[in-house]
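What follows is a single structure, written as structure tokens, with notes after it.
The values are calculated or read from the model by the stated rules, or taken from the named source; none is laboratory data. All values reported here derive from a predicted model rather than from experimental measurement. Positions of Cβ are generated from backbone atoms using ideal geometry, with glycine treated the same way; all protein chains shown enter the neighbour counts.
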Amino acid sequence: MLDYTFEDYVSLIQEKQNGSNVLSNKAQIELLQNPNFLLLYVPDDGSRMKLVKPADDSYHQKHVMEKSLITRSSRKLSLPHYALSHLWGISEENRHLWHEIGDYVDDEKGQPAAVVSMRPEKRETLLKLLEGHPDSYWWIDVLCARTDTPLDIMGDIYKYSRTCYAMLDCDSQCISDMQSLITQGKDPSTLTVDEFWHAVDIWDKFAQCAWWKRVWTWQEMMLPKQILLIAETDTQVCNTIDMDRLYNFEEGIYWAPGDIRQAHMQWESSTSYAPVMEIKSCLRQRSELQDQYSPHPITTIDYLTSSSRKCMKPEDYVYGVLGVFRFNLPRGIEPNKLWELFVSRVEAIEVTSLVSANAREFDLLTARDMADVYQALLKSHDQVYTQYFIV
């Protein structure tokens, strides 16, 4: 292998890069050079894992570039780091402190890593996941994020990850059952009524995972190129589902036999229907973003007006979406002041006429879910649809 420096790799990428890749390559190089970007490095010799900062570490900066997938014909850069998405599930009363993390990980200065918060049932799964990826880089929030880490880089961290592993709060059987549905992939017209209700039961259990109901995990399922779903308690880490292969057993339901359509109508009237439909709506939204269709931000906001996702802190209704909107807003300001800044940024992207005249008056402290927040931001759905989607 030629002994390239980091600068050599940058020059190689920029030499004949395809125009459509210019912004992507630039963003990834800037991420590597960002002093707030930390990664967990997993050595291939079984030695202790280490937190590294590529911007200040020439060895790892170069090693990351060596492991990046660079398509020679297009000079398209693809960073090699993995990302983790998981449900924290902690509280002020029980922070689930993982004191032993320092037995496995060193910080940037070579000292045992400081205590982090992580529920006990996830720890062995995480360690097995890391063990199964020698000579790899990971971004894991509890290890790599700091209280002063700018939230706008979160978008690029997830967007340019090679794969994001999403640890769902379910058992391994839930994942296995969904895998079976995907493998069978039956058209609704071929299902029996019993098979239909079996599929409903699997989706119902799947949709009960709190991972689907949190604000932060919304952008963590929108941005990565690939998302592999894994049960947070399953140490057999090969038991995964590619999110983009989730089985849509409803597709074509209206051409199914009458008994299946009747069963579907019955399901529509049950409480389990809405959570599944919200997941499917998010999957459609993800598909649009991943197809590089680059929908106007107003279409993304319109999706959020029907979202029941919740968060623990009111300011996270804003902070938890900044990665998708690519807004740079400061941390640590009063929630309603933050909301006013967010409204101003939305108005600045040429959608002023679609923003409600009363948007700034909304009290973020009273928000019950994302729908509350983003319905307050926009004019009525009918007005938005008429003005933006038709005119």
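In summary, Asp242 fulfils each of the numbered conditions (1) over 14 Å from the mean Cα position of the chain (by Cα); (2) without any contact (Cβ under 8 Å) to a residue 40 or more places away in the chain; (3) surrounded by fewer than 16 Cβ atoms within 10 Å (Cβ to Cβ) with the single exception of condition (1). When you check Ile140 against the structure, is it modelled with pLDDT of 95 or more and among the β-branched types (Val, Ile, Thr), yes or no? Judged against the criteria, Ile140 is a match.
Set side by side, the residues Ser24, Ser85 differ, and just one is surrounded by 16 or more Cβ atoms within 10 Å (Cβ to Cβ), closer than 24 Å to Gly320 by Cβ, in contact with a strand residue (DSSP E or B) (Cβ under 6 Å, 6 or more places away or on another chain) and modelled with pLDDT of 65 or more, which is Ser85.
If you go through region 313-334 and keep only what is within 16 Å of Glu220 (Cβ to Cβ), of a type in the set (A, V, I, L, M, F, W, C) and either over 17 Å from the mean Cα position of the chain (by Cα) or part of a loop (DSSP other than H, G, I, E, B) (or both), you end up with just Val321.
Every residue, every condition in (1) among the aliphatic types (A, V, I, L, M); (2) closer than 20 Å to Met243 by Cβ; (3) not in a helix (DSSP H, G or I), yes or no:
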{"site": "Pro150", "(1), (2), (3)": "no, no, yes"}
{"site": "Tyr158", "(1), (2), (3)": "no, yes, no"}
{"site": "Cys164", "(1), (2), (3)": "no, yes, yes"}
{"site": "Cys170", "(1), (2), (3)": "no, yes, yes"}
{"site": "Cys174", "(1), (2), (3)": "no, yes, no"}
{"site": "Leu181", "(1), (2), (3)": "yes, yes, no"}
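For residues in region 214-233 being β-branched (Val, Ile, Thr) and touching a Cys at 6+ places or on another chain (Cβ under 7 Å), which is surrounded by the fewest Cβ atoms within 10 Å (Cβ to Cβ)?
We begin by selecting, within region 214-233, every residue β-branched (Val, Ile, Thr); these are 215, 217, 227, 230, 233.
Those left that are additionally touching a Cys at 6+ places or on another chain (Cβ under 7 Å): 215, 227.
Numbers: Val215: 22, Ile227: 24.
Filtering first and then ranking leaves Val215.
Only a single criterion out of (1) in the same structural domain as Leu130 (by the TED database); (2) more than 30 Å from Leu329 (Cα to Cα); (3) charged (D, E, K, R) is not satisfied by Arg245, namely (1). Could you tell me whether region 125-134 includes any residue that is of a type in the set (D, E, K, R), over 18 Å from the mean Cα position of the chain (by Cα) and not in a loop (DSSP other than H, G, I, E, B)? Yes, there is a match, as at least one residue in region 125-134 is of a type in the set (D, E, K, R), over 18 Å from the mean Cα position of the chain (by Cα) and not in a loop (DSSP other than H, G, I, E, B). A single member of Trp211, Trp203, Trp218 is hydrophobic (A, V, I, L, M, F, W, C), out of contact with any Pro (no Cβ under 7 Å at 6 or more places or on another chain) and closer than 23 Å to Gln184 by Cβ, and it is Trp203.
Of the residues Leu322, Leu304, Leu354, Leu341, the single one that is surrounded by fewer than 18 Cβ atoms within 10 Å (Cβ to Cβ) and assigned by the TED database to the domain that holds Ala376 is Leu341.
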